[in-house]
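To start, the structure itself, in structure tokens.
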């Protein structure tokens, strides 16, 4: 079944998924907001960068700058998760643990994520950003 | 064959058997029941007074079960005209027939993957302004409060 799309106040895209028919679902478009009826194939099925979707000429497209911003958010989250066990060792000075080794590990993590940051900044497609983040998992 | 009871002034009430009647005996209950009750059968012809139709406030006014991942898809629903996908883990349930007011209850559940029940997520209305008579905006979060798309999202509206 087709979808109804319209631009949100924040510049993103809302996608209406009708149940019975598109005609019945037209009432669900906010009053006065321009909309388009598109084929379901015009909507990306990969929602990795869902909040970076924008209205394109014929279909929903990705805003690369928004993808990069989302990519950096994910990168920071991933880095914080990797830092966490070493942060604990350094901050709490837990007896029997090697604070120097923890600091070295933190340095390696910092270096790895600096490279990912460069890949994100230099990416020309959302796929490049996703690949860099997923390769790190 | 039918049984006709004539009104004392005019008209009548008639009880008919179906054209192909079989051999059935229906036994009426021995009391009048209470207000709102309905006749029910035990399957063997003995009739009694039962609960009848539920009070309107006891009924679910709308519900939907959908997949919020990949190409968002609705599996089944009642009194829902559509779902609006607003963003990651952010959906609006649009009602076919609007509710009488916004003082309804929203309940539901969300699971990250439909293949396992170990990835439960939190489903809640998106703020106090999320409830409108024609729709309800919900979001699905992980335990850290970050929005997540979920494969199994169920929402029910009670009023």
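The values are calculated or read from the model by the stated rules, or taken from the named source; none is laboratory data. These numbers were taken from a predicted model, which means no experiment stands behind them. Backbone-built Cβ (ideal geometry, glycine too); neighbour counts: all protein chains shown.
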Legend entry - the range A:39-70: number of residues that are within 20 Å of residue B:148 (Cβ to Cβ) and either more than 14 Å from chain B (Cβ to nearest Cβ) or surrounded by fewer than 17 Cβ atoms within 10 Å (Cβ to Cβ) (or both): 3
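Step by step: first the residues of the range A:1-10, then only those that are assigned to a strand (DSSP E or B) and facing chain B (nearest Cβ under 10 Å), then the one that is surrounded by the fewest Cβ atoms within 10 Å (Cβ to Cβ). Which residue is that? Explain how you work it out, then say what you get.
Going residue by residue through the range A:1-10, those that are assigned to a strand (DSSP E or B) are A:3-7.
With facing chain B (nearest Cβ under 10 Å) added as a condition, the list becomes A:3-6.
On the way: A:3: 23, A:4: 20, A:5: 22, A:6: 16.
So, considering only residues that are assigned to a strand (DSSP E or B) and facing chain B (nearest Cβ under 10 Å), the one surrounded by the fewest Cβ atoms within 10 Å (Cβ to Cβ) is A:6.
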Legend entry - Evaluation of residue B:44 against (1) assigned to a loop (DSSP other than H, G, I, E, B); (2) assigned by TED's automatic domain parsing to the domain that holds residue B:101 (one fails), failing number: (2)
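Kindly establish whether residue A:33 is over 16 Å from residue B:90 (Cβ atoms), touching a strand residue (DSSP E or B) at 6+ places or on another chain (Cβ under 8 Å) and either in a strand (DSSP E or B) or more than 8 Å from chain B (Cβ to nearest Cβ) (or both).
Numbers: over 16 Å from residue B:90 (Cβ atoms): yes; touching a strand residue (DSSP E or B) at 6+ places or on another chain (Cβ under 8 Å): yes; either in a strand (DSSP E or B) or more than 8 Å from chain B (Cβ to nearest Cβ) (or both): yes.
Judged against the criteria, residue A:33 is a match.
Take the residues in the range B:67-109 that are assigned to a loop (DSSP other than H, G, I, E, B) and facing chain A (nearest Cβ under 7 Å), then tell me which one is surrounded by the fewest Cβ atoms within 10 Å (Cβ to Cβ). Even if it seems obvious, please write down each step before you answer.
Of all residues in the range B:67-109, those assigned to a loop (DSSP other than H, G, I, E, B) come to B:68-72, B:79, B:88-89, B:96-104.
From the residues that got through so far, the ones that are facing chain A (nearest Cβ under 7 Å) too are B:69-72, B:88.
On the way: B:69: 18, B:70: 12, B:71: 16, B:72: 23, B:88: 19.
The qualifying residue surrounded by the fewest Cβ atoms within 10 Å (Cβ to Cβ) is B:70.
Determine whether the range B:66-81 contains at least one residue that is touching a helix residue (DSSP H, G or I) at 6+ places or on another chain (Cβ under 7 Å), closer than 30 Å to residue A:26 by Cα and without any contact (Cβ under 8 Å) to a residue 40 or more places away in the chain.
First pass over the range B:66-81, keeping only residues touching a helix residue (DSSP H, G or I) at 6+ places or on another chain (Cβ under 7 Å): B:71, B:81.
This time we only want the ones that are closer than 30 Å to residue A:26 by Cα, so: B:71, B:81.
Now narrow it down to the ones that are without any contact (Cβ under 8 Å) to a residue 40 or more places away in the chain: B:71, B:81.
Scanning the range B:66-81 turns up at least one residue that is touching a helix residue (DSSP H, G or I) at 6+ places or on another chain (Cβ under 7 Å), closer than 30 Å to residue A:26 by Cα and without any contact (Cβ under 8 Å) to a residue 40 or more places away in the chain.
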Legend entry - Residue pairs meeting the criteria (Cβ under 6 Å; at least 6 apart or on separate chains; first touching a residue at least 12 places away in the same chain (Cβ under 8 Å) and within 7 Å of chain B (Cβ to nearest Cβ), in the range A:11-26; second in a helix (DSSP H, G or I) and surrounded by 14 or more Cβ atoms within 10 Å (Cβ to Cβ)): A:16/A:25; A:16/A:28; A:18/A:25
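Over 24 Å from residue A:1 (Cβ atoms) and in contact with a helix residue (DSSP H, G or I) (Cβ under 6 Å, 6 or more places away or on another chain), is that true of residue A:68?
On the way: over 24 Å from residue A:1 (Cβ atoms): yes; in contact with a helix residue (DSSP H, G or I) (Cβ under 6 Å, 6 or more places away or on another chain): yes.
So residue A:68 fits the description; yes.
Considering the range A:126-137 alone, what residues qualify as being surrounded by 14 or more Cβ atoms within 10 Å (Cβ to Cβ) and without any contact (Cβ under 8 Å) to a residue 12 or more places away in the chain?
As a first pass, look at the range A:126-137 and keep what is surrounded by 14 or more Cβ atoms within 10 Å (Cβ to Cβ): A:126-130, A:132-133, A:136.
Result: A:127, A:128.
Mind telling me which of the residues B:43, B:87 ends up being at positive phi and touching a helix residue (DSSP H, G or I) at 6+ places or on another chain (Cβ under 9 Å)?
B:87
Quick one: which residue in B:34, B:84, B:97, B:41 is more than 30 Å from residue A:53 (Cβ to Cβ) and modelled with pLDDT of 95 or more? Can you show your working first?
Values: B:34 fails: modelled with pLDDT of 95 or more; B:84 fails: more than 30 Å from residue A:53 (Cβ to Cβ); B:41 fails: modelled with pLDDT of 95 or more.
Exactly one of B:34, B:84, B:97, B:41 is more than 30 Å from residue A:53 (Cβ to Cβ) and modelled with pLDDT of 95 or more, namely B:97.
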Legend entry - Pair list, Cβ under 8 Å, 6 or more apart: the range A:97-125 residue in contact (Cβ under 8 Å) with a residue 60 or more places away in the chain, other residue surrounded by 14 or more Cβ atoms within 10 Å (Cβ to Cβ): A:124/A:64; A:125/A:64
